[in-house]
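K.L.:
Take a look at this one; I'll ask things after.
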Amino acid sequence: MTHTLITGGAGFIGSHLAEALLACGDQVTVIDDLSTGRFENIEPLAQKPGFRFALETITNETVMDRLGSECDRILHLAAAVGVQLIVNDPVRTIETNVMGTEAVLRVARRYRKKVFLASTSEVYGKNDKVPFHEEDDGVFGATTITRWAYATSKALDEFLALAYFRSKSLPVVIGRFFNTIGPRQSAQYGMVIPRFVRQALSGEPITVYGDGKQTRCFCNVQDVVAAILLLLEHPGAEGQVFNIGSQEEIGMRALADMVKARTGSSSEIRAVPYDQVFDGGFEDMRRRVPDIHKIQQATGWSPKIPLAQTLDEIIAYFRGRPAA
C-alpha cells in the first residue's frame, strides 16, 4: 500500500486527488491549514480506512518532518490561488508559495520522497505565442503590477524543484495546470466559472471582466487527477515539466452565455472594466492555451470530459448547496 501525503488536500483539486487515491487503495494523509481549503471537501473521507487529516500549515517544520518521514510520496498542492486573493494579499501569495514549497522540498530530500509539484499556466505570463509549450519563455509584467506576484512565485517554485532534482537527485515531477474546474471549486477567490454559476443561479448580473474576448481552456478536475496519477507512475517524468489542460478554447463572454443558458437563468450579462474590480493596474492575458503533446507522448493522457458536461456538474453542485 502506497502512503501519499497531499499538501493543500482540503482544497478543490487536493480533495479530488485524495478521493481518487483512496479508491485506488492508497493510504492518504492530508495537511491543510484551511486558509483557502474547506474541511467539508474532505469530510466524507474522514471515516474511511487509511485517511488522516492534519490541520496545520506546511511551514510547521515539526509536523512536516513527521508526516514526510511516514509517507512514500508528496503531492504538493498547497498554494495561494485565485486572482482575487493574489491581488488583494500579495504578501500571503509570495510567502505561502515560495516558503511552503521550500519546506516541502527540504523534507522530501531528507527522507528521499518523490514530489509532484502543482504549478500553473501563469508561469507563461504575457507570452503571446499560443499554444504554450513547456520550453517557452515566461514574459512577466513589472513588479509594480501585483498581478504578477503569483506567476513569479510559482516560477520560482519550479526553479527550486528542478534545482533539487539536478543538484540533490530528488525525484520531482512538475505539472502546470490550465484552469482546472469542477465541483467543490469556490467562487471566493475570483475563480471565473464558480462565480458565473453562483451569479446565474442567484439571479445576479453575470459579470464579465474586460471586453469578454479573452479566452481560456477549462479542464475537468477528474481529467487532471488522471493526468497526475499517470505522471506519478511514469519514471521518465522525473525532472520534467508537463502542461495539464484542455485545448477547448472559449471566450469569457461566450462562457457567460453558456452558463446562463445551461442554468436557465434570467440574469443579465454585464461587462465590468478591470479597474473597477482590481487595484494596482491589473493586466490580463488574451489567450491561454496549452500544448499537451509532451504529456500525451509520455503517458497517453488527453482530457476526455467536455466543457458542457463539466458545467452541468458544477451547476448541479451549486444547486445542491445552501445559498452563500
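The values are calculated or read from the model by the stated rules, or taken from the named source; none is laboratory data. Values in this document were obtained by computation on a predicted structure and should not be read as measured data. Note: ideal-geometry Cβ built from the backbone for every residue, glycine included; neighbour counts use all protein chains shown.
K.L.:
Filtering the stretch 154-172 down to residues that are within 16 Å of the chain's Cα centre (by Cα) and surrounded by fewer than 24 Cβ atoms within 10 Å (Cβ to Cβ), which residue is modelled with the highest pLDDT?
P.N.:
Glu158
K.L.:
Same structure, new question: Which members of the stretch 246-258 meet the condition of being out of contact with any Ser or Thr (no Cβ under 7 Å at 6 or more places or on another chain) and under 19 Å from Tyr124 (Cα atoms)?
P.N.:
Ser246, Gln247, Glu248 - these are the residues of the stretch 246-258 that are out of contact with any Ser or Thr (no Cβ under 7 Å at 6 or more places or on another chain) and under 19 Å from Tyr124 (Cα atoms).
K.L.:
Quick check, is Lys304 basic (Lys, Arg), under 20 Å from Arg184 (Cα atoms) and touching a Phe, Trp or Tyr at 6+ places or on another chain (Cβ under 9 Å)?
P.N.:
So Lys304 fails the test.
K.L.:
Write out, first by first residue and then by second, each pair whose Cβ atoms fall under 8 Å of each other, whose residues are 6+ apart or on separate chains, and whose first residue, in the stretch 60-84, is under 18 Å from Ser35 (Cα atoms) and modelled with pLDDT under 95 while the second is in a strand (DSSP E or B) and among the polar types (S, T, N, Q).
P.N.:
Ala78/Thr7
K.L.:
For the list (1) farther than 28 Å from Phe116 by Cα; (2) surrounded by 18 or more Cβ atoms within 10 Å (Cβ to Cβ); (3) in contact with a strand residue (DSSP E or B) (Cβ under 6 Å, 6 or more places away or on another chain), I need the number of the one condition that Phe218 fails.
P.N.:
Failed condition: (1).
K.L.:
Yes or no: Val98 closer than 25 Å to Ile31 by Cα, in contact with a Leu (Cβ under 6 Å, 6 or more places away or on another chain), at pLDDT below 95 and of a type outside the set (Ser, Thr, Tyr)?
P.N.:
yes
K.L.:
Among (1) surrounded by fewer than 23 Cβ atoms within 10 Å (Cβ to Cβ); (2) in a helix (DSSP H, G or I), which single condition is Glu122 missing?
P.N.:
In the conditions (1) surrounded by fewer than 23 Cβ atoms within 10 Å (Cβ to Cβ); (2) in a helix (DSSP H, G or I), Glu122 misses (1) alone.
K.L.:
Give the stretch 193-216 a look and list any residue that's of a type in the set (D, E, K, R), assigned to a loop (DSSP other than H, G, I, E, B) and over 14 Å from Met252 (Cα atoms), or say none.
P.N.:
Matches in the stretch 193-216: Glu204 only.
K.L.:
Could I ask something else about it? Do you know which of the residues in the stretch 137-153 that are crowded, with 16+ Cβ neighbours inside 10 Å and either in a loop (DSSP other than H, G, I, E, B) or among the basic types (Lys, Arg) (or both) is modelled with the highest pLDDT?
P.N.:
Gly138
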